[in-house]
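Before any comments, here is the structure.
FYI, it's all coordinate maths here, none of it is from the lab. What you see is a predicted model, and the numbers here were worked out from it, not measured in a lab. Methodologically, a virtual Cβ is constructed for each residue, glycine included, from the backbone with ideal geometry; neighbour enumeration extends over all protein chains shown.
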Amino acid sequence: MEKAFRDLLMAITLIIGISSSAQDTLYYTNGNRIAGQVEEIGADQVRYRTSSGSNSIVVVAGKGELEKIRLQNGQEFVYKVPMSELPTPKEFNGRKNVLSFDMISPALSHVVMGYERVAGRHSSIQVKLGFIGLYNSDNTSSLWNSTGGMGKVGIKFFLPPSQSRIHQPKEYHPLVGWYLKPELSISAWSRTYDSYTYYGPYYPNHGIRVTEDQMSVALHVMVGRQVLLGNRVTFDIFGGAGYGVRWTNGQLSNGDRNDNGLYSFSHTFLDRTAPLSLSAGMMFGLLF
């Protein structure tokens, strides 16, 4: 009887020991694994209890720090794709070129394509070429009756990624992040529009067809950010300011009283009497 009681007591102790050793496991994005007891899984944070020597401590971790949580019953909560399933840094570093397209340009009667290539650890060279004259639909507007071309060339200087948080491998790619870019813009086009002269209430308006040759050059300092959507697609949004000049039929002019007189396709002037100009865009690209 005494032996049977002793065996039962040992079995109970073994079960308690096994159950107490069964713990939840937290997998951090930096590769660390922590065993503990998960007490709460919130919208942005996970609260768990673990041991440090003979002490029991409570730790709060942000979900952005975790790849996944595996509970002792086998249930898993996955928050990030494990680094082992992402392309290696070597694969990303081998993709040094981007072909891109400006999504805003077709709405303004031109189309712009870009090519970018890594030039250094935190820099790249970007060239853009565009065709002016997608539409011809309004006899009174020079914007919709212009034909020509444009080009831009600039050097991007990327800011190093912040060390305040853990980054995914693709965030270290040399074509990803915030950047500054000095950029030279040149555009040249011919515009045609109808100009009307008003002689008074008793005389008909007199209209003539006007054709002008336009050219504009500007230098801007751009601020932008480029990110990777997935492993191949880039998204680049940017804007900046600078100074420019414009010629109409060979004469220096920043525009006239005609509508769109300040707009030069590759950039736009703020005022007809000042050389200050602005430029902006939004481009999607393919990394290869």
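So what's the net charge close to GLY154: Lys and Arg +1, Asp and Glu -1, counting the other residues with Cβ under 9 Å from its Cβ?
+3
In what order do TYR28, TYR179 fall by count of nearby beta-carbon atoms within 10 Å, going from fewest to most?
With the fewest neighbours first, TYR28, TYR179 line up as TYR28, TYR179.
What's the exposure ranking of SER56, SER124, SER187, going from fewest to most Cβ atoms within 10 Å?
By the 10 Å Cβ count, ascending: SER56, SER124, SER187.
Between ASN73 and ALA43, what is the label-point separation in nm under the 7 Å Cα-to-beta-carbon projection?
Between ALA43 and ASN73, the label points sit 2.5 nm apart.
For every other residue with a beta carbon closer than 12 angstrom to the beta carbon of ALA218, add +1 if it is Lys or Arg and -1 if Asp or Glu, then tell me the sum.
After counting each charged neighbour, the total is +1.
At a Förster radius of 35 Å, what calculated FRET efficiency corresponds to the Cβ-Cβ distance of GLN251 and ILE155, to the nearest 0.05?
0.60
With the cut-off at 23 Å, tell me which of the pairs LYS63/LYS156; LYS152/LYS181; LYS128/LYS156 have Cα atoms farther apart than that. Intermediate results must be reported in sequence, preceding the final value.
Details: LYS63/LYS156 33 Å; LYS152/LYS181 11 Å; LYS128/LYS156 13 Å.
In this structure, LYS63/LYS156 lie more than 23 Å apart at Cα.
Lys and Arg at +1, Asp and Glu at -1: add these up for the other residues within a Cβ distance under 12 Å of PHE265 and post the number.
Here the count lands on +3.
Please give the length that would be gained between VAL233 and THR192 if that part of the chain were fully extended, namely 0.36 nm times their separation in residues minus their C-alpha to C-alpha distance (nm, one decimal).
Values: separation 41, 0.36 × 41 = 14.76 nm, distance 3.84 nm.
Gain on stretching VAL233 to THR192: 10.9 nm.
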